[in-house]
1. Can A:GLY218 be described as buried (at least 20 other Cβ atoms within 10 Å of the Cβ) and in a helix (DSSP H, G or I)?
2. So, in segment B:203-232, exactly how many residues are hydroxyl-bearing (Ser, Thr, Tyr) and closer than 22 Å to B:ASP163 by Cβ?
3. Restricting segment B:85-110 to residues that are assigned to a helix (DSSP H, G or I) and more than 8 Å from chain A (Cβ to nearest Cβ), which is surrounded by the fewest Cβ atoms within 10 Å (Cβ to Cβ)?
4. Counting just the residues of segment B:205-226 that are closer than 25 Å to B:VAL323 by Cα and crowded, with 20+ Cβ neighbours inside 10 Å, which one comes out farthest from the chain's Cα centre (by Cα)?
5. Is it the case that segment A:152-165 has a residue that's within 14 Å of chain B (Cβ to nearest Cβ), closer than 24 Å to A:PRO248 by Cα and not polar (S, T, N, Q)?
6. Given the conditions (1) touching a residue at least 40 places away in the same chain (Cβ under 8 Å); (2) within 14 Å of chain B (Cβ to nearest Cβ), which single one is not true for A:LEU250?
7. Where in segment A:40-126 are there strands (runs of 3 or more DSSP E), lying fully within it, with 1 or more residues that are within 30 Å of A:ILE280 (Cβ to Cβ)?
8. Output the number of residues of segment A:75-96 satisfying the condition of being within 13 Å of A:ASP58 (Cα to Cα) and either loosely packed, with under 11 Cβ neighbours inside 10 Å or free of Cβ contacts under 8 Å to residues at least 24 places away in the same chain (or both).
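The values are calculated or read from the model by the stated rules, or taken from the named source; none is laboratory data. Predicted model only: the values in this text are computed from it and were never measured. Positions of Cβ are generated from backbone atoms using ideal geometry, with glycine treated the same way; all protein chains shown enter the neighbour counts.
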Amino acid sequence: MKIINKNIPWHFLTLFILFSLCAGLWVATKKIDYTWRWNRVPQYFIYHDEELIPIPFDGVVASLSNLGDQTQIKVVSEQGEEKTFTVDSNAVEVSEGEDLFQGDYLGAVFEWRAGPLLKGLWVTLWISAVASIFGMIIGLVTGLCRVANNPTLRSLSITYIELIRGTPLLVQIFIFYFFLGTVLDISRIVAGISALAIFAGAYVAEIIRAGIQSIPKGQMEAARSLGMNVPQAMVYIILPQAFKRTLPPLAGQFISLIKDSSLVSIIAITDLTKSGREVITSTFATFEIWFVVAFLYLMLTSVLSQVIAWVERRLSVSD
Amino acid sequence: MSNNIILELKQITQAYDQQLVVKDLSLTLQNGEIGCLLGASGCGKTTVLRTIAGFEQLLEGEIFLNGKCVSRSGYLLPPAKRKIGMVFQDYALFPHLTIFDNVAFGLKGMEKALLIRRVNEALELVGLHSEHAKYPHEISGGQQQRVALARALAPKPHLLLMDEPFSNLDVTLRERLSMEVRDILKEYGTTALFVTHNQNEAFAVADRIGVMYNGEILQWDSAHNLYHRPVSPRIAEFVGEGSLIKGVVNDNNQVETGLGLLDGVMTATTPTETVVQLLIRPEDIIHDDNSPVKAEVIRRSFRGANILYTLLLGSGDKVQALVPSHCDHQPGEKIGIHPDVRHLVIFPVGVQRRK
């Protein structure tokens, strides 16, 4: 109990510093001529879309039947053709027996739709997920080649790793999009995902190599003396242990990947960053949108690190 | 009898970089025998073991397991196909598997009912059946050792190899376990070869012991013979306690030494007048205050029941004596001793004319 009491002043100090920083920012923005319009932001996440339902021919409203929230409108054309439409009850614009001309609105249906920020978030999410899966596969294969006895496999993997780690991701994305995209005729989305996956693969390979080499040599020898060949020993003994040890650095790598995926916006993939930029052009709420975009990235990454922390706890049973 | 030979090493030679670590080493192990390679660290004993297991290439020579050549220069049967079991110095248990799965690991592909029976049998043999659901880090070092043994024995290997199996245990546990391991191996009828630097372990467990020095086996023999009939002064000094003193063989097949004239069965026949080195074990020297032979205590080492004294003889030779610990003497004191040497272990040095 005493220990907690002793730390309380420090927690207050932390809160005070954070509060001062926020206050300072607020004062600074007050000094420039900027109007905060947070109210404009939510509609870019999700909005209530009104779809008006027109009558496709000249005709008469035969009947209205109220089904609670929705109303069914039966219309009959001059030629005797019957059609039924469903609209929201509070947006019915016609009454029974009314004559209508083609194109007149019977009513409207309201629907919630995802705005550009939510769509961008989804694109970022699935691009990162696909790139992570391929990055993991590439990294695992390269990592195994890196510790193989065959000199060719070793040299090839080292070349790949050095090449990727030695050049900026942005440049790699450009090369994938402009050069490989043109030569191999691949779409921007494939180019973007491959660039991310191959970039992550090089780092994952080094993590896997370190993980494998951190397992004592005796483990491999014990497995071999018990009737396993080298690949079997790798799969049943070395990799499960290496995976557990490399989970924290792998988590860091995949969190990086989510953040790095913002760079694919440069080749016109409408991810979260690109969506943010688009929303800014129509709202001029520059500050708000960038804060929101940052917050959304933070959400993704913290959810991922929570998931990995949970997996780590599950695996630590055998520690 | 030749089909009873499980392991045969024929003049194997082994090198790391440019240094020979094993030289022309040969040995054979009969079915059910427990062999031991005893030597100081760096003498190449672990290399021999790893070569038998198939982890190291052979430079020269051949290794036969159960009558089949498994290693020769340029050929290596993979360890997985040798039907050997191995217990490692650090046990190398698989930390991510339970005790049961560790022991079952070498039985992959076996029918499930048989596998469960075999694992339980192995765990009961080492007395750890109740711990089968635990992970290796949840049991003690001695238990880990026994799990490692059960894991190696479960597939019923032709040959069990153990690399310094007891060196990670504390002294009391080490003594108890080494005897237990011998009983388990004998019960299982397993042929085994282990390496150690600890003589007590070698004596307690092995039927045959090879003393290794500098990549060679100096003597491959039973514990009794190593102690009582060493073939060279180096083994005499390495195995057990004791010292070599100078002596001269006289006409009556007696040896004249600083302890007086010694009579007994000699291990080697030598012409008279030969200068020899004579092995004196601590138990050969009896403390006797009435004896005319006196020696000066130069070092004492208290061992509980006994005290091991290092004594300086009038001739300048040093001998050791094991004396019950109630006879307490300090360095510098002269005490009476008389030799009780039943058989004379002598190593001829050269012939010397008497003055």
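1. On the way: buried (at least 20 other Cβ atoms within 10 Å of the Cβ): no; in a helix (DSSP H, G or I): yes.
Judged against the criteria, A:GLY218 is not a match.
2. The first filter runs over segment B:203-232 and keeps only residues hydroxyl-bearing (Ser, Thr, Tyr), leaving B:213, B:222, B:227, B:232.
If we keep only those that are closer than 22 Å to B:ASP163 by Cβ too, we end up with B:213.
Residues that pass the stated criteria total 1.
3. As a first pass, look at segment B:85-110 and keep what is assigned to a helix (DSSP H, G or I): B:99-107.
In the following step, the residues that additionally are more than 8 Å from chain A (Cβ to nearest Cβ) were identified as B:99-104, B:107.
Working: B:ILE99: 27, B:PHE100: 18, B:ASP101: 16, B:ASN102: 28, B:VAL103: 31, B:ALA104: 24, B:LEU107: 20.
Restricting to residues being assigned to a helix (DSSP H, G or I) and more than 8 Å from chain A (Cβ to nearest Cβ), the top hit is B:ASP101.
4. First pass over segment B:205-226, keeping only residues closer than 25 Å to B:VAL323 by Cα: B:223-226.
From what's left, crowded, with 20+ Cβ neighbours inside 10 Å: B:223, B:226.
Numbers: B:ALA223: 8, B:LEU226: 9 Å.
The selected residue is B:LEU226.
5. Filtering segment A:152-165 for residues within 14 Å of chain B (Cβ to nearest Cβ) gives none.
Looking through segment A:152-165, none of the residues is within 14 Å of chain B (Cβ to nearest Cβ), closer than 24 Å to A:PRO248 by Cα and not polar (S, T, N, Q).
6. Result: A:LEU250 fails condition (2) only.
7. Working: elements: A:46-54, A:59-67, A:70-77, A:82-88, A:105-114.
Passing ranges, in order: A:46-54, A:105-114.
8. Step one: filter segment A:75-96 for residues within 13 Å of A:ASP58 (Cα to Cα), giving A:75-83.
So of that shortlist, the ones also either loosely packed, with under 11 Cβ neighbours inside 10 Å or free of Cβ contacts under 8 Å to residues at least 24 places away in the same chain (or both) come out as A:76-80, A:82.
Residues meeting the conditions: 6.
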